[in-house]
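A short worksheet on the structure shown next.
The values are calculated or read from the model by the stated rules, or taken from the named source; none is laboratory data. Please read all numbers here as calculations on a predicted model, not as lab measurements. Ideal geometry is used to build each Cβ from the backbone, glycine not excepted, and the neighbour counts take in all protein chains shown.
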Amino acid sequence: MRENLEFAVVWTLVKLLGVLPRRWARALGASVGAAAYRLLGRLRKVGLTNLELAFPEKTDAERERILRSLYRNLGWLLAEFCQMQRYKPEKTQGFLRYEGLEHYLAARDRGKGVLIVTGHLGAWELSSYFHSLMGHPMSMVIRRLDNARVDRLVNGIRCLYGNRVLHKDDFARGLLGAMRQGETVGILMDTNMTPPQGAFVPFFGHLACTASGMARVALKTGATVLPGFMVWEESEQKYVLRFGEAIEVIATGDDERDVLENTARFTAVIENWVRKYPEQWLWVHRRWKTRPEGEAPVYR
């Protein structure tokens with residue numbers, strides 16, 4: 001019964017926000033985000049704790065402003081996701097564009113596969129969809145949603161233009177296969193992990209248990225590693241999908257040391273992007289939940 005109710009709510013949101021004019025859908029999404037900020041006190045507490053860890057120099061008012069902006073961004077992302085099925089390449093120029101596409105094309109043309117370092121920043125759902133819409137389908141490493149019907153609905157939208165889903169519970173084999181075929185895979189590397197899948201590396205000055213699989217695959221396959229993020233540019237009133245220059249992968253022959261070093265390098269890139277766009281990162285995720293042995297919990 002609960003699964004059916006959850007599916008009905010998601011399906012209704014997709015249909016409602018999907019048929020509205022985009023401006024109205026985003027306004028309604030922002031209202032949903034504002035309501036969530038007020039009502040979800042536990043997540044608000046997590047967000048403020050994370051912001052205090054990351055930006056101890058900021059005032060309480062500044063951190064609260066960032067968190068409120070995040071909820072607006074999440075509301076917009078909800079609206080954009082529901083609208084995505086209507087997007088056509090020729091109709092996206094007014095609010096979507098690339099920057100640094102040449103970095104991606106050069107990496108793809110090497111033929112050894114492309115690993116996209118990305119995270120829950122800006123419009124992460126829209127980024128891979130837009131990339132596929134423009135003729136560059138890719139795979140995404142994601143966690144299965146608890147509700148199987150919602151999972152099928154969401155993935156059906158994600159994959160309309162050729163994208164593929166690699167589930168976290170069986171992604172290693174699929175990831176290696178994709179690199180051998182010279183394909184592109186995006187990995188959200190900014191979520192909390194647990195050993196042995198995760199390694200502790202610095203993130204905003206605090207050790208964070210971080211997925212090390214990308215580093216292992218890059219070392220094994222020689223794939224190119226690129227940062228890629230779609231962020232909202234207020235001055236343009238557009239989402240911009242930016243690809244940076246390839247990240248150098250350190251390979252000394254000491255596998256475990258190289259994995260740790262490269263995971264730290266990839267995470268530092270994510271941190272730099274979050275510092276540029278703090279209002280657009282998912283502060284309500286318990287990023288520092290897993291602690292090194294002997295350290296006290298961050299969240300209470």
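For segment 209-227, filtered to residues that are in a strand (DSSP E or B) and touching a helix residue (DSSP H, G or I) at 6+ places or on another chain (Cβ under 7 Å), the residue that is farthest from Tyr104 (Cα to Cα) is Thr210.
Here the condition is being under 30 Å from Lys91 (Cβ atoms), of a type outside the set (S, T, N, Q) and touching a helix residue (DSSP H, G or I) at 6+ places or on another chain (Cβ under 8 Å); of Arg72, Arg44, Arg23, it holds for Arg72 alone. In this structure, Ala218 does satisfy being farther than 29 Å from Glu52 by Cβ, surrounded by 22 or more Cβ atoms within 10 Å (Cβ to Cβ), of a type outside the set (Val, Ile, Thr) and more than 18 Å from the chain's Cα centre (by Cα). For the structure I just gave you, tell me whether Glu245 is out of contact with any Asp or Glu (no Cβ under 9 Å at 6 or more places or on another chain), on the phi < 0 side of the Ramachandran plot and surrounded by 17 or more Cβ atoms within 10 Å (Cβ to Cβ). Judged against the criteria, Glu245 is not a match. Summed over segment 97-125, residues that are more than 15 Å from His136 (Cα to Cα) and part of a strand (DSSP E or B) total 3. Give the residue that is surrounded by the most Cβ atoms within 10 Å (Cβ to Cβ), with candidates limited to residues of segment 40-61 that are among the charged types (D, E, K, R) and within 14 Å of Trp283 (Cα to Cα). This residue is Arg44. For segment 66-105, filtered to residues that are surrounded by 14 or more Cβ atoms within 10 Å (Cβ to Cβ) and without any contact (Cβ under 8 Å) to a residue 40 or more places away in the chain, the residue that is nearest to the chain's Cα centre (by Cα) is Tyr71. Taking first residues from segment 209-221 that are farther than 17 Å from Gly186 by Cβ and in contact (Cβ under 8 Å) with a residue 12 or more places away in the chain and partners that are acidic (Asp, Glu) and surrounded by fewer than 22 Cβ atoms within 10 Å (Cβ to Cβ), the Cβ contacts under 9 Å between residues at least 6 apart in sequence or on separate chains come to Leu219/Asp255; Leu219/Asp258. When you check Ala36 against the structure, is it surrounded by 17 or more Cβ atoms within 10 Å (Cβ to Cβ) and either of a type in the set (Gly, Ala, Ser) or in contact with a Cys (Cβ under 6 Å, 6 or more places away or on another chain) (or both), yes or no? So Ala36 fails the test. In the set (1) of a type in the set (A, V, I, L, M); (2) exposed (fewer than 15 other Cβ atoms within 10 Å of the Cβ); (3) modelled with pLDDT under 95, the condition left unmet by Leu13 is number (2). Answer yes if at least one residue in segment 138-147 is surrounded by 19 or more Cβ atoms within 10 Å (Cβ to Cβ) and not in a strand (DSSP E or B), and no otherwise. Yes, segment 138-147 contains a residue that is surrounded by 19 or more Cβ atoms within 10 Å (Cβ to Cβ) and not in a strand (DSSP E or B). Phe200: over 15 Å from the mean Cα position of the chain (by Cα) and part of a strand (DSSP E or B), yes or no? So Phe200 passes the test.
Among the residues of segment 120-154, the one identified as out of contact with any strand residue (DSSP E or B) (no Cβ under 8 Å at 6 or more places or on another chain), closer than 26 Å to Arg286 by Cα and among the small types (Gly, Ala, Ser) is Ala148. Among the residues making up segment 241-269, a single one is in a helix (DSSP H, G or I), within 28 Å of Glu99 (Cα to Cα) and among the basic types (Lys, Arg): Arg265.
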